[in-house]
Amino acid sequence: MSAQANRVMALSEWEDRWNEGKTGFHRPEVHNLLENNLDKVICGRKEVRFFFPLCGKAVDMKWLADMGHTVVGVEISEKGIKQFFAEQNLAFNEEPVAAIPGANVFKSADGKISIYQCDLYKFSSAVAGKFGGIWDRGALVAINPCDRQKYATLLMSLMNNDCRYLLDTVEYNSELYKGPPFVVSEEDVKNEFGGGCDIELLESVDAFGEKYKSVGLDSLTEKVYLLIIKSTNLLQK
Ligand code: SAH
């Protein structure tokens, strides 16, 4: 069992991080692995509906929207969501979500970007339908390891038949750092998604740097996978 298997972070701890400005996971630029692999995700389609689980204030949302795609994100931190719209200079409106008590949705004025402020596990295809693309960065690696099966089941239930799910993971020596981000190995990806999806490793890069050195790590590999619904499952649908 991994040293991180029993780590649990409460939602309030994430909100505290936002309130204290401890958002070192945020990248001010479009993620290089999304950029490198975008063609494989888009696959010639136009106006793809993208899902961003645990979206934070990822600038990738605006980047895709500017290309004509639409984006739906889920994020617990209202502060993070408001920072996203402010930093991207986007006017937005906010309204309650009838299907999820207590949740609000923040929508850009042009309707291309919607961010649901709620616990991810309250979200479902009944709220905003299914998706043609998913960008999972800082999401599977951020949820509590004990919730992975629940997470994978939810994400697969949000995939349209033609959905292309780009999954970004990190691997490092889990004895040296408690996470998040938590280590997700190729074996873990197969265990969680292999039942429903075909999985292809697209890219594996050395992503070690000062940030990781300073927390005591000696190496870090980032891997990006493409997940598509298994064709045998499509026939059964
Ligand atoms: N994907 C973003 C953010 C990664 S950090 C990026 O790459 O920058 C993980 C984010 O998930 C945090 O912003 C945290 O507030 C949010 N979060 C964690 N658990 C959540 C949950 N169960 N439901 C909704 N948001 C959650």
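The values are calculated or read from the model by the stated rules, or taken from the named source; none is laboratory data. The structure displayed is predicted, hence computed values, not measured ones. Heads up, the Cβs are rebuilt from the backbone with ideal geometry, glycines too, and the neighbour counts pull from every protein chain shown.
Data overview
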read-out	value
Residue within segment 114-124 that is surrounded by fewer than 19 Cβ atoms within 10 Å (Cβ to Cβ) and touching a Pro at 6+ places or on another chain (Cβ under 9 Å) present	yes
Helices (runs of 4 or more DSSP H) fully within segment 1-107 counting 3 or more residues that are within 14 Å of the ligand (Cβ to nearest atom), at pLDDT 95 or above and among the charged types (D, E, K, R)	11-19, 78-87
Segment 197-214, residues that are surrounded by 14 or more Cβ atoms within 10 Å (Cβ to Cβ) and free of Cβ contacts under 8 Å to residues at least 60 places away in the same chain	Cys197, Asp198, Ile199, Ser204, Ala207, Phe208, Tyr212
Residue in segment 74-85 that is surrounded by fewer than 14 Cβ atoms within 10 Å (Cβ to Cβ) and on the phi < 0 side of the Ramachandran plot present	no
Test: residue in segment 228-235 that is more than 16 Å from the ligand (Cβ to nearest atom) and either within 18 Å of the chain's Cα centre (by Cα) or part of a strand (DSSP E or B) (or both)	yes
Elements of type helices (runs of 4 or more DSSP H) in segment 117-212, at least 1 residues being under 17 Å from Arg49 (Cβ atoms) and modelled with pLDDT of 95 or more	125-128, 148-157
Check on Leu176, in contact with a helix residue (DSSP H, G or I) (Cβ under 7 Å, 6 or more places away or on another chain) and in contact (Cβ under 8 Å) with a residue 24 or more places away in the chain	no
Residue in segment 140-161 that is within 12 Å of the ligand (Cβ to nearest atom), among the aliphatic types (A, V, I, L, M), free of Cβ contacts under 8 Å to residues at least 40 places away in the same chain and under 28 Å from Asp39 (Cβ atoms) present	yes
Search result, residues across segment 111-157 that are closer than 24 Å to Arg27 by Cα and among the acidic types (Asp, Glu)	Asp119, Asp136
Segment 181-196 residues that are over 13 Å from Glu222 (Cβ atoms) and in contact (Cβ under 8 Å) with a residue 60 or more places away in the chain, paired with ones that are surrounded by 14 or more Cβ atoms within 10 Å (Cβ to Cβ) and of a type in the set (Asp, Glu) (beta carbon under 6 Å, 6 or more apart)	none
Within segment 8-56, considering residues that are more than 18 Å from the chain's Cα centre (by Cα) and under 26 Å from Ile199 (Cα atoms), the one surrounded by the fewest Cβ atoms within 10 Å (Cβ to Cβ)	Gly44
